[in-house]
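Visitor: One structure follows; several queries about it will come next.
The values are calculated or read from the model by the stated rules, or taken from the named source; none is laboratory data. From a predicted model like this one, the values you see are computed outputs, not experimental measurements. Because the Cβ atoms are built from the backbone with ideal geometry, glycine has one as well, and the counts that use them run over all protein chains shown.
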Amino acid sequence: MASATNRTEMLAKALMRARLDFTLHNARVFARAVIDAPESVFGAKPLRFLPNDTDGEGPVRLVLDEFTQAAERSAPALNPDNGRPSNSDSSWPPVALNDVRPGDLILDQGGDVLGVVVADGQVSVQGTWKPLPEVLHTGGSVHRVDVRHVDPLAELTPGDARACMLAQLLPMFGWEPTSAEAMFLDKILAEDFRIPRGMNSLPALIRWLDTAGEPEARRLREMLRFWITDPSPFAQTKIDIREPKPHASTDTSKTRSMIETLAGSHWGEPILKLWPPQSTKPQVQANDADPLNDYWPDESADVAAIVADAGGVMPLSALFDQLHTVLSAASTIVLGALSRGDVSLNPDRTVTLPNRQLKSFETTTNNAQFIAAAQLAREMERLPAPSPHPLPTATPGARERAAFPLGVGATGEPVTYSPAADGHLLVFGGAGRGKSMLVRGLVRDALATNRWGARHLNSRKDPDAVLHQIRGIHAEIEIRRASPKLHKPELLALDDALWAYFDAAQREELHTLVTELLSTGRELGLHLVLITLTLDNEERFPSRWLDLCSTVLLTSKPTHNDAVKLMGDAAIQLPPSGWDGSGKMLLVRRLTGVSRPLRAYTQTEKHKGY
C-alpha cells in the first residue's frame, strides 16, 4: 500500500478529475480528512476505489456524485447504428436542466444525438447554434459526456466530437478561446484535418501530438497528460469564475458562433476574471470618496500601448514600473485602463490586451491570421545564422524584373526585393538595427547590374546640394514619360534623419517633391527606398508617404500602434516573438498581406559616416 502522503495525493487527484469545482487545496483537505477518519465513520463504505500506485495501471475513474459511487476504467463501446453505448445498462447518464455543463449531449427519444451544449444555454446543432430550450422542445434530453471518462473522437460524429471536446477542454485547460493553443486545438479537431491522418480516437490523437514537434502540440500533449491520461495533482490549475448564467432565450435572432459562446463575449458581456475580486468591472467616478480621486494622472500614459510593446502580456508589477510615477498614480492609471476595457487583468496577475478582432471559432480569416502569426513566429525562431552578403553580379534578365537580395529565409532560401513588382520600399525600425547598412547594400547591388542607376542621398554636409539632386530627379519625370525605355531604372534611397538639417521652407519643398515621385515615379522607373525610425512625426515622415509605399521592411518589432499603421488589418499577423537576434527582419508586402521573415545579410562594407 502506498504511503499516507501518496494516498492523499492519489485520492485528491481522483477527486479533482471527478469534480470540476474542486480546487487542488480543497481536494487535498478532503482526501486527508477521509484517510484520517476513524474506522467507525467509514466502516460501512471502505475505500475500495483508491487508485492503484503500481506501474502500468491505467488511471481509475472515480465517480463522485449522488447517483453512483462506482469506479470505471473504460467507457462503454459505441453502437455504430445509433451513436449510443452498445451496453444498454451503461448509457450516458441523464442530468437535470440546472446542472447542464459545456460538452453535454442532447439526445432525442430514440437516443440519437441532436446537439452538443456549448455554454450559457447554447447548443451546437450540425454547425449552427441554437438556444437550449428550443432544442429541448423537440423532445430532447440532456446527458452527461465527460471527456475524462469517454473518448468523444471514437464515439461521436466528427462535428459533435469537435464541439464536445472544445467545450470541455478549453475551460478545463484554462485556455482562452482566442489563444494560439485553442486555435491549434480547433484546427486539429477539424474533420478534414484529423480523419486523413488517422486520428479517430484520443490515443491516436496523442500519438500524433508526440511526433508533431510544434510548441502548441507539446503544450496540448502536456495538458492532456495532466488532465486525462496521467493527471498530476501538483500541476497548476485555473478556475474560471463567470457571471451568473442568464436565462436561456428562445430568440433565435441573436445567433452566436462557438468562439463567442466560449469566450463569453455575447452581447458585449465579457467573462468576469478572478481578479479584480468583484462582480462588475471597476468604475471610478469623479465624486467617489476615494483618495485616488484627489489626483487623476495624465491620461497620456497609454497602458494598452505599453502592454502591446511588451508582446501583449506583462506582469502587473512590471507595468507599474513602466509608468514611471508614484504607486498611487500608477494604480489609478491601471484602474482606469481596466474600467475602460483597454487591458485585462488575469488571475496570475498578468496584464494582457483584449482581443476584439476574433469573433468566430470557425476557420475564418481572423482565425487564419492568428495561426499565421504563430507560424511566422516559429519561422523567426528558425532563421539561420547571419551570412555574408553575396557578391553583387550583373543580372542577365530583363531590368524590369531585377530582384535585389535582402537576406535568407527560414528554410535557407534568399529573400529579395523587386522594385518593379514590390513598389516603393519603406525600411522601418529602431536605431542601430541595420537600416542604413542594408540600404547601402541595395544601392551597391543595383549599380553592379549595369542596368540600374542608384543613389543614397546625403544632406548632412550640404542640404542644398541634396535638395538640388531631388529637384533634378523630379524634373526627369516628364522626360521619362516621353521616352521611358531610353532611361535606366533608378533606385533612390532617402533617410528621414538626413533632412533634419533642412529649414521649414526646404522641408516643405522636399515633402512636395518626394510625394510626387512616390505617386508617379514607379511607372516611369523611379523607385524610392525610404528609411525612418518613427511614424509619429509628420515633418520627418508624412503619413501620405506611408500610403504610397507598397512594401515595408521591419528591422525590429514595431509597437502595436505602428504595426496597425504599417500593416492595417494584417497587424494581427505580426509575430509576437522571435525578433531577438542580429539581423532578424520581416518583409511585409502590404498589397497582398504576405509577410516573410528573414535574416539580413551581414555587410562587409563598414559605415564611413556622413
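Visitor: Quick one: which residue in L491, L447 is surrounded by 15 or more Cβ atoms within 10 Å (Cβ to Cβ), more than 41 Å from the chain's Cα centre (by Cα), within 28 Å of L406 (Cα to Cα) and at pLDDT 80 or above?
Guide: Details: L491 fails: more than 41 Å from the chain's Cα centre (by Cα).
Going through L491, L447 in turn, the sole match is L447.
Visitor: Answer yes or no: is there a residue in the stretch 400-417 that is modelled with pLDDT under 80 and either in the same structural domain as A493 (by TED's automatic domain parsing) or of a type in the set (V, I, T) (or both).
Guide: Taking the stretch 400-417 first, the residues modelled with pLDDT under 80 are 400-401.
Applying the additional criterion that residues be either in the same structural domain as A493 (by TED's automatic domain parsing) or of a type in the set (V, I, T) (or both) yields 400-401.
Within the stretch 400-417, one or more residues are modelled with pLDDT under 80 and either in the same structural domain as A493 (by TED's automatic domain parsing) or of a type in the set (V, I, T) (or both).
Visitor: Same structure again: Tell me, yes or no, whether the stretch 496-507 has at least one residue that is surrounded by 13 or more Cβ atoms within 10 Å (Cβ to Cβ), touching a residue at least 12 places away in the same chain (Cβ under 8 Å) and assigned to a strand (DSSP E or B).
Guide: Taking every residue of the stretch 496-507 in turn, none turns out to be surrounded by 13 or more Cβ atoms within 10 Å (Cβ to Cβ), touching a residue at least 12 places away in the same chain (Cβ under 8 Å) and assigned to a strand (DSSP E or B).
Visitor: Restricting to the stretch 134-187, name every residue that is in a helix (DSSP H, G or I), touching a residue at least 60 places away in the same chain (Cβ under 8 Å) and not hydrophobic (A, V, I, L, M, F, W, C).
Guide: Once the filter is applied, which keeps residues that are in a helix (DSSP H, G or I), touching a residue at least 60 places away in the same chain (Cβ under 8 Å) and not hydrophobic (A, V, I, L, M, F, W, C), the stretch 134-187 yields E134, E155, Q168, P171, D186, K187.
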